[in-house]
1. May I ask you to verify whether Ile104 is surrounded by 18 or more Cβ atoms within 10 Å (Cβ to Cβ), out of contact with any strand residue (DSSP E or B) (no Cβ under 6 Å at 6 or more places or on another chain) and of a type in the set (Val, Ile, Thr)?
2. Only residues that are assigned to a loop (DSSP other than H, G, I, E, B) and either within 17 Å of Ser318 (Cα to Cα) or in contact with a helix residue (DSSP H, G or I) (Cβ under 7 Å, 6 or more places away or on another chain) (or both): list them for the range 365-377, please.
3. How many residues does the range 311-324 contain that are among the small types (Gly, Ala, Ser) and either over 17 Å from Thr291 (Cβ atoms) or in contact with a strand residue (DSSP E or B) (Cβ under 6 Å, 6 or more places away or on another chain) (or both)?
4. Can you find, within the range 400-433, the residue that is nearest to the chain's Cα centre (by Cα) among those that are surrounded by 14 or more Cβ atoms within 10 Å (Cβ to Cβ) and closer than 12 Å to Arg331 by Cα?
5. Restricting the search to the range 183-196, which residues are without any contact (Cβ under 8 Å) to a residue 40 or more places away in the chain and either crowded, with 17+ Cβ neighbours inside 10 Å or closer than 20 Å to Leu226 by Cβ (or both)?
6. I'd like the full set of residues that are of a type in the set (D, E, K, R) and either closer than 16 Å to Gln335 by Cα or at pLDDT 95 or above (or both), limited to the range 243-289.
7. Select from the range 139-152 the residues that are in contact with a helix residue (DSSP H, G or I) (Cβ under 7 Å, 6 or more places away or on another chain) and of a type outside the set (D, E, K, R) and write down the one among them that is modelled with the lowest pLDDT.
8. In the range 25-59, what count of residues is obtained for those that are among the aliphatic types (A, V, I, L, M) and surrounded by fewer than 13 Cβ atoms within 10 Å (Cβ to Cβ)?
Amino acid sequence: MPDIVLTTANARFRHSSLALRYLKANLTELEPSSEILEFTIDERPGDLAEKILTRRPRIVGLSLYLWNTELLGATAALLKRIRPELVLVLGGPEISYETKQQPIYDDCDYVISGPGERPFYALCRAIIDNRPPREKIICNGRDDLKDIALPYHLYTDEDIARRVIYLEASRGCPFRCHFCLSSLDRRVNRFDEDSLLAALEHLWQRGARQFKFIDRALHLGISPRLLTFFLEKQDPALFCHFELVPDRLSEELTALLARFPAGAIQLEVGVQSFDDEVTARIGRRQDGAKTEQVLRTLLADTRIHLHTDLVVGLPGQSIDSIAGSFDRLIRIKPQEIQVGILKRLRGAPIADHDEQWAMVYNPRPPYDILHNRLIDFATMQRLKRFSRFFDLVYNSGNFVTYTELLWQDGSPFVRFLALSDWLYDRLGRTGSIALHRLTEALFAFACQELNTTPTEAANRLAADFSRLGRTGLPHPVQRHVTERPPRPSDGARDLANRQQRHLA
């Protein structure tokens, strides 16, 4: 039985915890007596507590994030009531700030604030040696990444086959976006590239083909040498995800990206807003014109999958500001636009705007904004539904041909907000909607609200079904189809569903 259990609850089974693997890899001589247990947020506190306690550990480390803090808080309370002598150690971004105000703080023995690899090892060593520290909160400064052991050998064969493989080439971020915790440490530090490439080669030889880098920006930690490593593999199953600050992408990296096959690279680009006053207010230095230019160049000259982000609810951001940013971005035609709702992460400087802009947030996770000085609660609810329906209709890749109807004239934001309101009125929900039911609703909206002929609407939806190799178009739609839809493209690559649908 392990002396140390490292555990967390991931948002989905497909996700994996890079943090736990870092902690285990850096336990040095204690590593063989440690074990990682990963759960999902769909499980119950009692079940988690039971599975942890069957391992009979002396120390339990819980990794807390926005999505799992309530579940792990309830689990921690159970663990301490069942086994009071158990040493409970908390870490992660959700507990590193505003620590003492949180209920889970009373149920733990120690909190590690900040990066945890070295302090967690030192704490475990001290506890096992019966010399536990008196301080409950252990604040870590900044470790030299040369002293941190890479954890990628701890991905199991099952992880490689069934889970996302998370990696990082650097830590830190030079930007000061107030809504992000990375703004608290602007220093950027890079891992040794030779060691990282050796670890990647080992993962590759074991069968890993899909990699997600969590670096804050591609140009900070992802070097031409690293991109070349993947480029030389020439495997049709390759898929790499990187984050990108678009107005700082070099011509050298752009040229390398252009050499990858379609869909092999996904870039997540944080546009957030094209409103210069709003971005300046939240400390985000961004050249809107350069951002648009880079996005258009990437779409024209490369075959990447482009996932872009906008944020709704920022201080001083009006509906007109949101609409302007959305319309400008949708006309660039990225494959995905995530319309994210502002959240007040614990410790993030966004709280500095609360009084001036009357920012009011949900007191429970995910701490999403409820209303502010310029957007009332009812309107914010409409915007949240806009975000969810946009994910279902546009980002899903299911209705690429159909959505072109929405952008033919007028403001795309206004048109999609009308669709969002219409769908909610008729469906009464924003999730768990069967594809056939959503298809029928989109057909009805086009005919009733867009003055589209039933034939054109039906032909577009039929083309979307055929493009993805689907059959069984709903009868109210099928009976208006007059064109023979194109056959699905050949040579499909082994990618995640959304990327595959957009590629089709």
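1. The answer is yes for Ile104.
2. Across the range 365-377, the qualifying residues are Pro365, Asn372, Arg373, Leu374, Ile375, Asp376.
3. 4
4. Phe413
5. Val188, Glu193, Asp194
6. Correct list: Glu243, Arg259, Glu268, Asp275, Asp276, Glu277, Arg281.
7. Ranking the candidates gives Asn140 first.
8. Counting residues in the range 25-59 that are among the aliphatic types (A, V, I, L, M) and surrounded by fewer than 13 Cβ atoms within 10 Å (Cβ to Cβ) gives 0.
The values are calculated or read from the model by the stated rules, or taken from the named source; none is laboratory data. Only a predicted model underlies this, so the values are computations on that prediction, with no experimental measurement involved. Note: ideal-geometry Cβ built from the backbone for every residue, glycine included; neighbour counts use all protein chains shown.
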